[in-house]
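Okay, so here's the structure we're looking at.
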Amino acid sequence: MDLKSMIRNVEDFPVEGICFKDITTLLKDGKAFRYAIKQMAEAVKEKEVELIAGPEARGFLIGAPLAFELSVGFIPARKSGKLPAETISSEYKLEYGKDILEMHKDAIEKGQKVLVVDDLLATGGTIYSTIEMVEKLGGVVVGVAFLIELTFLNGRENLKNYDVFSIIKY
């Protein structure tokens, strides 16, 4: 199945000059979505994953079904103020400022093997913020997985200390 052909390009979104990779066209096709998750599961099956952590919001769309496929738990990394219990936080840079992700303090037990997952690797800032929290809680990051990787932005370089997996590359 050609997953790349199922990703819609949206020019000049969210700002002029950006070609946004819209995964909603893949997500609405149940067979393609299932195939993509199975491909990701196959790529990481040797990692002995115990938990998956994914950042809000599209990391949830890929991370949760991947956790289900691998029969492991899912840990959400949410925007500031969205989680109900005690949290830790990590700040990351955006094109036009900064943002904060949070994770529950009791989300990960020391030594647990965690796969960090998002829909797309661009520069790696958002995912690195999630990695920082996993490690702060004592989790061991066994890999970082993406549905899509924009190779021309060199985000993999910012994650060079981790095994990085992606199934669609631009």
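Observations
- Residues of the range 124-149 that are assigned to a loop (DSSP other than H, G, I, E, B) and buried (at least 19 other Cβ atoms within 10 Å of the Cβ): G124, L137, G139.
- Count - residues of the range 109-137 that are β-branched (V, I, T) and in contact with a helix residue (DSSP H, G or I) (Cβ under 6 Å, 6 or more places away or on another chain): 4
- Restricting attention to the range 60-118, the residues that are free of Cβ contacts under 8 Å to residues at least 60 places away in the same chain and over 16 Å from A145 (Cα atoms) total 34.
- Single residue of the range 125-153 satisfying the filter (over 13 Å from the mean Cα position of the chain (by Cα) and within 22 Å of I168 (Cα to Cα)) that is modelled with the highest pLDDT: V142
- So M1, is it modelled with pLDDT under 95 and not acidic (D, E): yes
- Within the range 99-123, the set of residues being part of a loop (DSSP other than H, G, I, E, B) and either at positive phi or not aliphatic (A, V, I, L, M) (or both) comprises K105, D106, E109, K110, G111, Q112, T123.
The values are calculated or read from the model by the stated rules, or taken from the named source; none is laboratory data. For clarity, every value in this text was computed on a predicted model and none was experimentally measured. As a convention, Cβ positions derive from the backbone with ideal geometry for all residues, glycine included, and neighbour counts pool all protein chains shown.
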